[in-house]
C-alpha cells in the first residue's frame with residue numbers, strides 16, 4: 001500500500017471541499033489576483049493557501065514561549 005499526499009483540490013463547483021475553499025478565500029492566487037489553476041489528476045486543480053495557518057501556528061508558539069506556557 002502506498003500513501004499519496006496531494007496538495008491539489010479538484011476544481012469542481014459541485015465538490016464540497018472546493019466550494020468551501022472558494023467561499024473562505026483559502027486558495028493560492030496568481031500574480032493577477034485570480035485563483036491559481038494547474039493540472040493534476042483528475043484534471044484542473046487548485047491549491048489551498050496554507051500561509052495563514054503557518055502564521056497562526058507561529059504566533060501561538062511565540063506567545064506561549066513569552067507567557068511561560070509550554071506548548072507541544
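Read the figures in this text as sums done on the coordinates, not as results from a lab. Because the structure is predicted, anything quoted here is derived from the model rather than measured. Positions of Cβ are generated from backbone atoms using ideal geometry, with glycine treated the same way; all protein chains shown enter the neighbour counts.
How about segment 1-27: which of its residues are surrounded by 15 or more Cβ atoms within 10 Å (Cβ to Cβ), farther than 13 Å from residue 40 by Cβ and in contact with a strand residue (DSSP E or B) (Cβ under 6 Å, 6 or more places away or on another chain)? Within segment 1-27, 18, 21, 26, 27 meet the criteria. Scanning segment 33-63 for residues that are more than 17 Å from the chain's Cα centre (by Cα) and more than 20 Å from residue 8 (Cβ to Cβ) turns up 59, 60, 61, 62, 63.
Of all residues in segment 1-36, which are free of Cβ contacts under 8 Å to residues at least 40 places away in the same chain, closer than 19 Å to residue 51 by Cα and assigned to a loop (DSSP other than H, G, I, E, B)? Can you show your working first?
Applying the first criterion (free of Cβ contacts under 8 Å to residues at least 40 places away in the same chain) to segment 1-36 yields 1-6, 8-36.
From the residues that got through so far, the ones that are closer than 19 Å to residue 51 by Cα too are 5-6, 8-9, 17-18, 20-36.
If the condition is that a residue be free of Cβ contacts under 8 Å to residues at least 40 places away in the same chain, closer than 19 Å to residue 51 by Cα and assigned to a loop (DSSP other than H, G, I, E, B), then 5, 6, 24, 25, 26, 28, 30, 31, 32, 33, 34, 36 are the ones that fit.
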